[in-house]
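Notes follow the structure.
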């Protein structure tokens with residue numbers, strides 16, 4: 001059955017867009033936790049745990065786009081660092097790239113800190129495993145190495161130190177520690193505990209007097225003659241997760257606990273709309289005029305580790321202390337970092353995925369749900385390894401850095417599993433992680449209802465504009481094509497027109513593909529301007 005419809009919905013005025021000027025973005029920018037971003041030579045490098053079984057480094061010219069991914073290290077099958085790879089950080093020290101990470105043999109109580117050293121100047125290249133760091137109290141004989149995660153270096157006055165979160169003994173109680181280093185992969189002395197972890201109720205798990213203190217994720221900011229260490233506290237699985245801070249004068253001795261003072265209140269915490277704020281990193285805008293915080297939040301009120309990453313600008317008080325403000329809610333329109341390049345007007349674009357990667361695409365969803373296999377983009381499936389803390393979010397992938405107004409877009413798609421939908425997105429604005437976290441149009445197939453559908457989303461709700469019956473055969477290639485010229489939109493399936501409507505809500509935006517609770521393969525994606 002085929003149906004052609006024409007509708008004239010009420011006009012909704014879209015925000016004014018300016019050629020070559022980035023107007024706004026929305027959080028969350030990607031799924032994940034423990035975000036670490038570093039900027040060097042005009043590029044941003046994101047370092048992530050790859051399914052708890054490896055480490056990836058991403059490169060981008062934008063803070064709001066994670067960029068192009070390369071897996072730089074995979075955990076061995078056996079040994080102390082064969083599992084539970086957590087919170088890797090990429091640093092440039094003494095003219096080389098290093099990655100600090102935590103890992104275990106599969107048992108949390110055996111977590112230790114390790115270091116990788118880059119073989120070349122390319123942070124996405126090959127790394128040497130420099131082994132385990134010593135994080136205990138018996139440096140002379142290296143006995144009784146202790147539990148350690150979230151290692152990060154501190155450079156001060158020509159000296160190098162390591163900070164991390166560790167256990168005092170065999171009990172699961174986390175404190176912040178520091179130790180001197182002789183080089184980026186060698187600890188040179190016994191650890192020193194920086195402060196107590198339970199001076200205030202807000203630092204404790206459950207925020208109750210009976211809850212244990214918990215400090216982790218230390219991060220360093222050196223500014224205005226002070227060394228700030230921003231840490232995460234309470235439980236990472238709880239919505240009470242937040243950031244606290246200690247600081248010292250830059251001329252003090254960082255190995256002396258008396259040098260450090262603790263802020264008596266949280267410096268960044270969630271609210272009714274943003275839950276479980278924690279494990280931040282800090283970076284400057286492309287033009288080096290703004291400070292930005294990168295942090296993760298929980299997606300649900302229940303206990304758990306399903307998290308997404310937000311970014312936002314922060315300022316400073318008159319006294320020279322960081323002022324992080326309040327976390328920005330999901331979907332709020334935010335101005336991008338100053339100097340960040342804008343999307344450009346697109347012309348012809350095509351990707352058949354023969355290069356076995358998805359470098360040209362920005363992905364919004366759980367990272368392990370997108371990959372290229374046999375020269376086809378796989379979206380919404382279940383990979384063979386690294387499946388942790390996964391959740392569905394209406395995964396979408398959009399062509400990086402380009403926007404279109406009038407276009408003809410086509411793709412071959414095959415539904416492999418699922419029932420809700422797979423297809424093309426176009427004229428998309430402010431995409432973010434979430435089913436309805438975008439503005440624009442979607443045309444696709446619904447295997448559960450055997451229909452071709454066309455709809456639009458305003459950032460909070462998807463509205464179907466038209467649909468027609470059509471058999472959607474699983475494991476069968478279908479060719480989907482969309483023509484969007486001014487306010488007229490036509491949808492074709494297998495070269496037959498299915499839907500035609502008029503709608504002028506969105507006039508310009510990004511384009512790509514999307515799945516909703518469905519696993520689909522995409523091939524021969526192409527866009528042309530009529």
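The values are calculated or read from the model by the stated rules, or taken from the named source; none is laboratory data. Values in this document were obtained by computation on a predicted structure and should not be read as measured data. As a convention, Cβ positions derive from the backbone with ideal geometry for all residues, glycine included, and neighbour counts pool all protein chains shown.
Among the residues of the stretch 402-417, those that are closer than 14 Å to residue 379 by Cα and surrounded by 20 or more Cβ atoms within 10 Å (Cβ to Cβ) comprise 411, 413, 415. Does at least one position in the stretch 358-378 carry a residue that is surrounded by fewer than 19 Cβ atoms within 10 Å (Cβ to Cβ) and modelled with pLDDT of 95 or more? Among the residues of the stretch 358-378, at least one is surrounded by fewer than 19 Cβ atoms within 10 Å (Cβ to Cβ) and modelled with pLDDT of 95 or more, which makes the answer yes.
Restricting to the stretch 20-41, and then to whatever is on the phi > 0 side of the Ramachandran plot and modelled with pLDDT of 95 or more, can you tell me which residue is surrounded by the fewest Cβ atoms within 10 Å (Cβ to Cβ)? The selected residue is 41. Between residues in the stretch 339-354 that are within 9 Å of residue 402 (Cβ to Cβ) and residues that are not in a strand (DSSP E or B), which pairs lie under 6 Å by C-beta distance while being six or more apart or on different chains? Qualifying pairs under 6 Å: 343/401; 347/529.
A single entry from 131, 136, 106 fulfils the requirement of being assigned to a strand (DSSP E or B) and in the same structural domain as residue 40 (by TED's automatic domain parsing): 131. Residue 128 falls short on exactly one of the conditions (1) touching a residue at least 24 places away in the same chain (Cβ under 8 Å); (2) surrounded by fewer than 22 Cβ atoms within 10 Å (Cβ to Cβ); (3) under 25 Å from residue 154 (Cα atoms), and that condition is (1). Residues that are closer than 16 Å to residue 397 by Cβ, assigned by TED's automatic domain parsing to the domain that holds residue 395 and surrounded by 22 or more Cβ atoms within 10 Å (Cβ to Cβ) do occur in the stretch 443-452, at least one of them. In the set (1) outside any strand (DSSP E or B); (2) within 27 Å of the chain's Cα centre (by Cα), the condition left unmet by residue 472 is number (2). For the residues 428, 433, the requirement of being part of a loop (DSSP other than H, G, I, E, B), in contact with a strand residue (DSSP E or B) (Cβ under 9 Å, 6 or more places away or on another chain) and either within 25 Å of residue 27 (Cα to Cα) or outside the structural domain of residue 480 (by TED's automatic domain parsing) (or both) singles out 433.
One line per residue, one yes/no per condition, for (1) within 30 Å of residue 211 (Cα to Cα); (2) surrounded by fewer than 20 Cβ atoms within 10 Å (Cβ to Cβ):
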{"residue": "93", "(1), (2)": "no, yes"}
{"residue": "118", "(1), (2)": "no, no"}
{"residue": "143", "(1), (2)": "no, yes"}
{"residue": "156", "(1), (2)": "no, yes"}
{"residue": "169", "(1), (2)": "yes, yes"}
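Checked against (1) more than 27 Å from residue 175 (Cα to Cα); (2) under 19 Å from the mean Cα position of the chain (by Cα), residue 78 passes all but condition (2).
Of all residues in the stretch 481-507, which are part of a loop (DSSP other than H, G, I, E, B) and either without any contact (Cβ under 8 Å) to a residue 40 or more places away in the chain or under 19 Å from residue 397 (Cβ atoms) (or both)? 487, 494, 495, 506 - these are the residues of the stretch 481-507 that are part of a loop (DSSP other than H, G, I, E, B) and either without any contact (Cβ under 8 Å) to a residue 40 or more places away in the chain or under 19 Å from residue 397 (Cβ atoms) (or both).
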